[in-house]
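Any read-out appearing in this document is the output of simple, stated calculations on the displayed coordinates, not a laboratory observation. This is a predicted model, so every value here is computed, not measured. Cβ: placed from backbone, ideal geometry, glycine included. Neighbour counts: every protein chain shown.
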Amino acid sequence: MAQLVSVGALRADDYRMMITDHRFAHDFKAATSPFARLINLLTQVDFANAEGSTIAGILRETPIDGTGLSRFKKFVPDRYARNGVYRNECFELVVMCWPANLRSPIHEHGGSRGFVRVESGSLIAENYSIVESDPETGFARLSLDASRTLTTGEVEIVVPGNDVHRVGAAGGEVAVSLHLYARPLDTFFIFDEERQTSRSHTSQYDIRPFADRF
Ligand SMILES: [Fe+2]
């Protein structure tokens, strides 16, 4: 079994070559760990045509036990950790570990569909609209549309076109969540609500999502 190796923050480009390397090919149908079962199901999904509710249903019905999750339950100080589980051309799975009261920047998903399942603790999810923007200058004025708390086991769907949002740990406690992005989330915009600005951002990993980990 491959060792879980924390390699610090990695740019998506750093490992893009690796995931196409045949050495990382793996038969998930033969594997029995919860993550391997989930990945096996997800690799059979036609993400271009599948309903969001179908994909969310797979997440709801394929729980990850504490043992499976523990390998990715790695926190870093003063920010949330993005711990990659698995990635191919169609989707990626990321475990995010949220220190208490820590929230993400407001961001969108660059055209990817997003699915979030709360694994422990609770998350606050705040949805925004872009009221006014200028791509030339990066100006963006937002308004908060809705805010709700997601408790353990709940699944949230984030759809392109209505994906400006912020997520964070709620209730003064740490939280852990599983995120599915289809396609993988590499480059997207983040927003500063007070300064009314937006800028492009490239996602990074705290643990790289090798496919040979299961
Ligand atoms: Fe998001």
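Annotations
- Assigned charges on the beta-carbon of Lys, Arg, Asp, Glu; region 14-211 dipole about Cα centre (debye): 660
- Per-peptide packing, taken as the mean over residues of other Cβ atoms within 10 Å, places 81-90, 181-190, 52-61 in the sequence 81-90, 181-190, 52-61 from highest down.
- Among Ser120, Ser198, Ser112, the order by Cβ neighbours within 10 angstrom, fewest to most, reads Ser120, Ser112, Ser198.
- Equivalent ellipsoid dimensions for region 14-211 as semi-axes, Å, which come from the Cα gyration tensor, largest first: 27, 19, 16
- Leu41/His201 FRET efficiency (R0 45 Å; Cβ-Cβ; nearest 0.05): 0.90
- Distance in nm between pseudo-label sites at Glu154 and Ser53 (7 Å out along the Cβ direction from Cα): 2.0
- Taking region 53-97 and dividing mean pair separation by its residue count, relative contact order in percent (alpha carbons under 8 Å, at least six apart): 28
- Full extension of the chain between Glu193 and Asp145 gives 16.0 nm of extra length, using 0.36 nm per residue less the Cα-Cα distance.
- Neighbour-count order for Ser133, Ser147, fewest beta carbons within 10 angstrom listed first: Ser147, Ser133
- Sites Cys90 and Ser120 - FRET efficiency at Förster radius 30 Å, r taken between beta-carbons, to 0.05: 0.65
- Full-extension gain in nm, Asp65 to Glu136, via 0.36 nm per residue minus C-alpha separation: 20.9 nm
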